[in-house]
Amino acid sequence: MLFNSLSFALFFILLTGLHFSLPHRFRWILILAASYYFYMCWNVGYILLIATSTLITWYAGLKIEGALSNKRKKHFLIASLVANLGALLFFKYFNFFTTSLFQISAKFNLFTGYEAPLLHIMLPVGISFYTFQTVSYTIDIYQGKIEPEKHLGIFALYVAFWPRIVAGPIERAGKLIPQFRKVISFDYSNTTDALRLVLWGMIKKVVIADQLAVYVNQVFDNCGDYTGFPLIIASIFFTIQIYCDFSGYSDMAIGTAKVMGYELTENFRHPYFAASLREFWQRWHISLSTWFRDYVYIPLGGKRVVKWRFYYNLFITFLVSGLWHGANWTFVIWGGLHGLYLIIENIVEEFFSNIFKTTWNSIENTTFYKAIRVAITLFLVNYAWIFFRANTVSDAFSITGKMFIFDFKNSSSLIENIVVVEPSSFILSLALILFLIVVEFKEQTIKIENYVGNLPFVARWSIYTLGLWAVIISTVFGVKQEFIYFQF
């Protein structure tokens, strides 16, 4: 059930009405049932996987708190981690690891004549997201940060809460679970703010991202046919597409939860305005980057170690982050690139701060310097996205190798070569990008939903009507694209 579908609109309206009609003590039952139904719309069988993960994690949390020794606590922690991460590794990475092992073995003439045993099963939607929530829950209990949830139904709701079950945000138990116990009344102002956020998220996804996908898919799926400008344009379009696609989903998830009175974590904060790779990861997929910081990077030692180990911790964290995104070497390289970027960034910053000891702070604060840093950061992020989007590693290297091969002999054929889709589609894509840039700049001072909410009645409802019309037209006549992060 996609957020941009009529079935979801009916589901959401009915659920919200019932939610505020029921007494508070019964609401968790309704939302849990709705969450399981929402997930089963993708695959009925895999609800058993979520239920099993929920039961194991809940039981382990209770046992960790009640254990009389640290050794016994650790046993239950390990059991929970093995069960949850084991399921993730099995469903998502079995084929990847098996295929990679056989390919490496073939180099040494091992297992010749045998084919890698592969599983022909569909990846459970959202398994990476809810697995990370269950993992953080048991670790937080083990470390004494939170107490285990005694109510199985409330805990099951934490794992399967429908707005975020398939693609996040990745929530922490200490923030989300208490909200399910809070008595919530309908708030008109809160609801209108939330619905404006939902509409903006739908515009970003359905109108902008899906439109850009037409050009991106054409070039990336046939990258051998292109050189020069089409590859550059496709990489730029994908950089914007993935932002609009994923931040659009996050806006819809946060907005729909907010209508019902629940607050989810902000997941994006204008990441393409970041002036460094470090800042980019403080703005992009915030719930995931903070998860890796707290449960991978810091346990490895973080920055409180010798310098080479600090660089090692950075690189390993981003390699794992890349692998989390998908069972393909393209994602591993993407993660490795970001790890390498951050290592080089730290080295360069330390080098220049030592050279310009007295003036470095004033240099960093100049508008010109920040603009240069933003441009460099965006270029590096854009380059790494090529590996993220490419179908294979060889495709990625082919694209990066041919991006700057140009043929200027025939200007008319050059234009035809650039516009690889219908001219009207290409022009619309450019117009939508310009529109997005204007909105993103405006949001540096005020959120778009708040800005629209403060407009006069006629202007406000004109924007609502135009936005809904654009979403409906794009949904009915446009090319439908699943949310990119559903595959993770």
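Give the number of residues within the range 48-82 that are in a helix (DSSP H, G or I), surrounded by fewer than 19 Cβ atoms within 10 Å (Cβ to Cβ) and of a type in the set (Gly, Ala, Ser).
So the answer is 3.
Give, as residue ranges, the helices (runs of 4 or more DSSP H) completely inside the range 179-291 that count at least 3 residues that are assigned by TED's automatic domain parsing to the domain that holds Phe483 and under 30 Å from Ser394 (Cβ atoms).
Where helices (runs of 4 or more DSSP H) fall fully within the range 179-291 and carry at least 3 residues being assigned by TED's automatic domain parsing to the domain that holds Phe483 and under 30 Å from Ser394 (Cβ atoms), they are 210-220, 229-259, 277-283.
Inspect all residues belonging to the range 32-43 and state whether any of them is in contact (Cβ under 8 Å) with a residue 60 or more places away in the chain, aliphatic (A, V, I, L, M) and touching a His at 6+ places or on another chain (Cβ under 9 Å).
yes
Give the range 83-108 a look and list any residue that's in contact with a Phe, Trp or Tyr (Cβ under 7 Å, 6 or more places away or on another chain) and surrounded by 15 or more Cβ atoms within 10 Å (Cβ to Cβ), or say none.
Hit for the range 83-108 is Phe102, nothing else.
Considering only the range 128-172, state which residues are under 23 Å from Asn267 (Cβ atoms), surrounded by fewer than 22 Cβ atoms within 10 Å (Cβ to Cβ) and acidic (Asp, Glu).
Correct list: Asp140 only.
Could you please find all residues in the range 26-47 being assigned to a helix (DSSP H, G or I) and more than 12 Å from Ala160 (Cβ to Cβ)?
Phe26, Arg27, Ile29, Leu30
Of all residues in the range 293-339, which are small (Gly, Ala, Ser), surrounded by 16 or more Cβ atoms within 10 Å (Cβ to Cβ) and either assigned by TED's automatic domain parsing to the domain that holds Ile170 or in contact with a helix residue (DSSP H, G or I) (Cβ under 6 Å, 6 or more places away or on another chain) (or both)?
Once the filter is applied, which keeps residues that are small (Gly, Ala, Ser), surrounded by 16 or more Cβ atoms within 10 Å (Cβ to Cβ) and either assigned by TED's automatic domain parsing to the domain that holds Ile170 or in contact with a helix residue (DSSP H, G or I) (Cβ under 6 Å, 6 or more places away or on another chain) (or both), the range 293-339 yields Ser321, Gly322, Ala327, Gly335, Gly336, Gly339.
Here are some residues: Gly467, Gly453. Which one is within 21 Å of Ile240 (Cα to Cα), assigned by TED's automatic domain parsing to the domain that holds Tyr249 and surrounded by 12 or more Cβ atoms within 10 Å (Cβ to Cβ)?
Within the list Gly467, Gly453, the selection yields Gly467.
Within the range 348-355, can one find any residue that is among the small types (Gly, Ala, Ser) and in contact (Cβ under 8 Å) with a residue 12 or more places away in the chain?
Checked against the condition, which is being among the small types (Gly, Ala, Ser) and in contact (Cβ under 8 Å) with a residue 12 or more places away in the chain, the range 348-355 yields no hits at all.
Take Ala371 and decide whether it is farther than 20 Å from Cys223 by Cβ, assigned by TED's automatic domain parsing to the domain that holds Glu279 and in contact with a Lys or Arg (Cβ under 6 Å, 6 or more places away or on another chain).
no
Just the residues that are farther than 14 Å from His285 by Cα and of a type in the set (Ser, Thr, Tyr), please, taken from the range 316-336.
Residues satisfying the conditions are Thr317, Thr330.
Looking at (1) in the same structural domain as Ile141 (by TED's automatic domain parsing); (2) surrounded by fewer than 19 Cβ atoms within 10 Å (Cβ to Cβ); (3) among the small types (Gly, Ala, Ser); (4) at pLDDT 90 or above, which is the one condition that is false for Gly45?
Unmet for Gly45, out of (1) in the same structural domain as Ile141 (by TED's automatic domain parsing); (2) surrounded by fewer than 19 Cβ atoms within 10 Å (Cβ to Cβ); (3) among the small types (Gly, Ala, Ser); (4) at pLDDT 90 or above: (4).
Does the range 88-107 include one or more residues that are modelled with pLDDT of 90 or more and closer than 20 Å to Asp140 by Cβ?
yes
Inspect all residues belonging to the range 5-17 and state whether any of them is surrounded by 13 or more Cβ atoms within 10 Å (Cβ to Cβ), out of contact with any helix residue (DSSP H, G or I) (no Cβ under 7 Å at 6 or more places or on another chain), among the polar types (S, T, N, Q) and not assigned by TED's automatic domain parsing to the domain that holds Val166.
Among the residues of the range 5-17, at least one is surrounded by 13 or more Cβ atoms within 10 Å (Cβ to Cβ), out of contact with any helix residue (DSSP H, G or I) (no Cβ under 7 Å at 6 or more places or on another chain), among the polar types (S, T, N, Q) and not assigned by TED's automatic domain parsing to the domain that holds Val166, which makes the answer yes.
The values are calculated or read from the model by the stated rules, or taken from the named source; none is laboratory data. These figures come from a predicted structure and were not determined experimentally. Cβ coordinates were reconstructed from backbone atoms using ideal geometry, including for glycine residues, and neighbour counts include every protein chain displayed.
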